[in-house]
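Student: Dropping a structure here in structure tokens format, bear with me for questions.
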Amino acid sequence: AQSVSQHNHHVILSEAASLELGCNYSYGGTVNLFWYVQYPGQHLQLLLKYFSGDPLVKGIKGFEAEFIKSKFSFNLRKPSVQWSDTAEYFCAVTSYSGGGADGLTFGKGTHLIIQP
Amino acid sequence: GAVVSQHPSRVICKSGTSVKIECRSLDFQATTMFWYRQFPKKSLMLMATSNEGSKATYEQGVEKDKFLINHASLTLSTLTVTSAHPEDSSFYICSAMGRYEQYFGPGTRLTVT
């Protein structure tokens, strides 16, 4: 069975600070990895995803993540955060099934607060 | 981007009654939809995979007779919580599989009194 661990449940930063949110997963096979964001009162939105290829993936709103297979990690980063980045961030994984659709296993989420 | 809607957004029901939640993909067809449950301060938990025209696949520990799923068309999946109890109170979120990613609905807050 897959599992996802997010190290930080609550993070408070000042504007312009750099951000790194940790994510580790547990699964022995090939995986697809995702980061989702949920702004207050809104739907889950996809920030970025990794399927294959370049392990450094860039997403929307200046976010990026690096897949390190040897560490089973997929940490999310942003060099300079803004107040509007205040949200809940979820790391998720699904096993690769050759094109089939699989449900996601989510981490518990990180509540990020950016102070002006 | 692709839009997924859920109806109702909030529902309050009495213990022992059944509640139906709809999930619609508004501008694309989805052969596969997923139902998740989100507990307070916890992550989303996959409940079941809904495939159009076939029986849903339930995750371990999810009672299929309690959480009935029907995926009757390429744009609609329904989740019916039967004989609801207070412990079923939760936030239920659906997603629809697009070409490369899942698109999530806004969720339905169910409160069972």
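Quick note: the coordinates plus some simple rules give every number you see, no bench work behind them. Since we're looking at a predicted model, the values are computed, not measured. Positions of Cβ are generated from backbone atoms using ideal geometry, with glycine treated the same way; all protein chains shown enter the neighbour counts.
Student: Among all lysine pairs in chain B that are eight or more places apart or on different chains, how many have alpha carbons less than 20 angstrom apart? Don't skip to the answer; put the middle values down first.
Tutor: On the way: B:LYS14/B:LYS66; B:LYS20/B:LYS55; B:LYS20/B:LYS64; B:LYS20/B:LYS66; B:LYS55/B:LYS64; B:LYS55/B:LYS66.
The number of close lysine pairs in chain B is 6.
Student: Another one. Can you find, among A:LEU112, B:PRO86, A:ILE60, the residue sitting farthest towards the positive end of the charge dipole of the protein assembly as shown, where Lys and Arg contribute +1 and Asp and Glu -1 at Cβ?
Tutor: Sorting the options by dipole projection puts first B:PRO86.
Student: Using only Cα atoms, locate the centre of the stretch B:82-108 and the centre of the stretch A:38-116, then give the distance between them in Å, rounded to an integer.
Tutor: Going from one Cα centre to the other spans 20 Å.
Student: Another question, then. Give me D for the stretch A:33-76 in µm² s⁻¹, whole number, from Stokes-Einstein with Rh from the Kirkwood sum over alpha-carbon pairs, 10 °C and 1.306 mPa s. List each step's numbers first, then the result.
Tutor: Details: Rh = 11.0 Å.
Answer from the Stokes-Einstein relation: 144 µm²/s.
Student: With the cut-off at 20 Å, report for the stretch B:26-113 the share of all Cα pairs above it, as a whole percent. Spell out each step's value before the answer.
Tutor: Numbers: 1195 of 3828 pairs.
Considering the stretch B:26-113, 31 percent of its Cα-Cα pairs are separated by more than 20 Å.
Student: In square nanometres and to one decimal, what's the mean projected area of the convex hull around the Cα atoms of chain A? List each step's numbers first, then the result.
Tutor: Values: hull surface 28.3 nm².
Mean projected area of the Cα convex hull: 7.1 nm².
Student: Give a residue-ordered list of calculated ³J(HN,Hα) values for the stretch A:81-87 (Karplus: 6.51 cos²θ - 1.76 cosθ + 1.60, θ = phi - 60°; whole Hz; x for Gly, Pro).
Tutor: Ordered by residue, 3J(HN,Hα) equals 7, 10, 4, 6, 7, 4, 4 Hz.
Student: Could you list which residues have their amide H under 5 Å from that of B:SER89, counting only those 5 or more apart in sequence or on another chain, with H placed in the peptide plane?
Tutor: When sequence neighbours closer than 5 places are left aside, the close amide H contacts are B:VAL112.
Student: Can you tally the net charge around A:HIS111? Count Lys and Arg as +1, Asp and Glu as -1, for every other residue whose Cβ sits under 13 Å from the Cβ of A:HIS111. Don't jump to the answer; show the numbers that get you there.
Tutor: Working: positive: A:LYS108, B:LYS41, B:LYS42; negative: A:ASP85, A:GLU88.
It works out to a net charge of +1.
Student: Quick one: P(r) of the protein assembly as shown from all Cα-Cα pairs, 10 Å bins, percents rounded to integers, in order of increasing distance.
Tutor: Final binned percentages: 8, 32, 35, 20, 5, 0.
Student: Springs between alpha-carbon atoms under 10 Å, Gaussian network over chain A: tell me which of A:SER70, A:SER14, A:SER84 tops the mean-square fluctuations.
Tutor: In the Gaussian network model the winner is A:SER70.
Student: Taking the Cα centre of the protein assembly as shown as origin and charging only Cβ (+1 Lys, Arg; -1 Asp, Glu), how large is the dipole, in debye to the nearest 20?
Tutor: On the way: 20 positive and 17 negative charges, 46 e Å.
That gives a dipole near 220 debye.
Student: With each pseudo-label sitting 7 Å past Cα toward Cβ, what's the B:SER73-B:LEU26 distance in nm, one decimal?
Tutor: So the two model labels end up 1.6 nm from each other.
Student: Please count, across the stretch A:3-103, the pairs of lysine residues with Cα atoms under 16 Å apart that sit 8 or more places apart or on different chains. Before the final figure, lay out the partial values.
Tutor: On the way: A:LYS49/A:LYS58; A:LYS49/A:LYS61; A:LYS49/A:LYS69; A:LYS49/A:LYS78; A:LYS58/A:LYS78; A:LYS61/A:LYS78.
Count of close lysine pairs: 6.
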